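Mind having a look at this structure? Questions to follow.
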Amino acid sequence: MSELTIFNGLIIAWLVTAAVTFLALLFISAPYGRHGRTGWGPQIPATLGWILMEAPSPLGMTLLFVLATPERHRNPAAIAFLALWLVHYINRAFVFPFRMRNAGKTMPVAVALMAVVFNLGNAYLNGRWLFHFSPLYPDAWLRDPRFLVGVALFFTGFAINQHSDWVLLHLRKPGETGYKIPRGGLYRFVSCPNYFGEVLEWTGWALATWCVAGLTFAVWTAANLVPRAITHHRWYREQFPDYPSERRAVFPYVL
């Protein structure tokens, strides 16, 4: 059995697992952050957990690019795809964890390990296709409307994600604890604009790469984050009687 046959089977399994995960997360909230709870086994410091979870993505994608043929190393589209991936994941793995106010917070080892498995698989599917199995993207791909619109969506989502995280990080003054209602930016419309931004990012990625592997990532992002946004939204409404009634969970005016 060839690697490409295994790869195609993994793509199908990945999409089926995304559907199952989406349904499961509508009823079971992942036990970290504000939804952390006991009963999920050993815990590790939250900052360490975030690094362990996210680091496989930039490291794995970079390794797959390095292992590609020399023509891929010179291919403008391949270089652009790697750059987009690293823009997101260097921040997510090595910057964001140290910006969070995680003093004393923990997360279950089981959650971190599940995320490691996902990120390794996701990096493999995207990197192996883009840097090995796919036909070589022509230089003109960087001028193709699919690439240009995809990149625009990617950076719009990245900017939304960054601003939303900044609002959350500055909600509390030094020494304060507890949760507050975030305001400003897209928080006027939804409870979780950071998740909306990430869904937009990887939708842009799917369009820019124009491949099934990229599409699977966009589907997985929505399957993971939309249910968590709904859970966050419900939590806000339960915790704050004055929570803005016009807000939706993740998609402005829709959901």
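The values are calculated or read from the model by the stated rules, or taken from the named source; none is laboratory data. Fair warning: this is a prediction, and the values are worked out from it, not measured in the lab. Ideal geometry is used to build each Cβ from the backbone, glycine not excepted, and the neighbour counts take in all protein chains shown.
How many residues are over 21 Å from A93 (Cα atoms) and in contact with an Asp or Glu (Cβ under 7 Å, 6 or more places away or on another chain) if we restrict to segment 119-175?
Final tally of qualifying residues: 1.
Identify all residues within segment 28-67 that are over 16 Å from the mean Cα position of the chain (by Cα), among the aliphatic types (A, V, I, L, M) and at pLDDT below 95; write none if there are none.
I28, I44, A46, L48
Now a separate question. Of the residues L153, L169, L215, which single one is touching a Gly at 6+ places or on another chain (Cβ under 6 Å) and not assigned by TED's automatic domain parsing to the domain that holds V87?
Step by step, each of L153, L169, L215 is checked, and only L153 is touching a Gly at 6+ places or on another chain (Cβ under 6 Å) and not assigned by TED's automatic domain parsing to the domain that holds V87.
Looking at segment 78-98, can you tell me whether even one residue there is outside any loop (DSSP other than H, G, I, E, B) and in contact with a Lys or Arg (Cβ under 7 Å, 6 or more places away or on another chain)?
Checked against the condition, which is being outside any loop (DSSP other than H, G, I, E, B) and in contact with a Lys or Arg (Cβ under 7 Å, 6 or more places away or on another chain), segment 78-98 yields at least one hit.
Give me a count of the residues in segment 198-248 that are farther than 30 Å from F133 by Cβ and either surrounded by fewer than 22 Cβ atoms within 10 Å (Cβ to Cβ) or under 12 Å from the mean Cα position of the chain (by Cα) (or both).
The total comes to 19.
Out of curiosity, is V219 closer than 26 Å to T231 by Cα and touching a residue at least 24 places away in the same chain (Cβ under 8 Å)?
For V219, the condition - closer than 26 Å to T231 by Cα and touching a residue at least 24 places away in the same chain (Cβ under 8 Å) - is met.
Scan (1) at pLDDT 95 or above; (2) touching a strand residue (DSSP E or B) at 6+ places or on another chain (Cβ under 8 Å); (3) among the hydrophobic types (A, V, I, L, M, F, W, C) for the single condition V254 breaks and write down its number.
Result: V254 fails condition (1) only.
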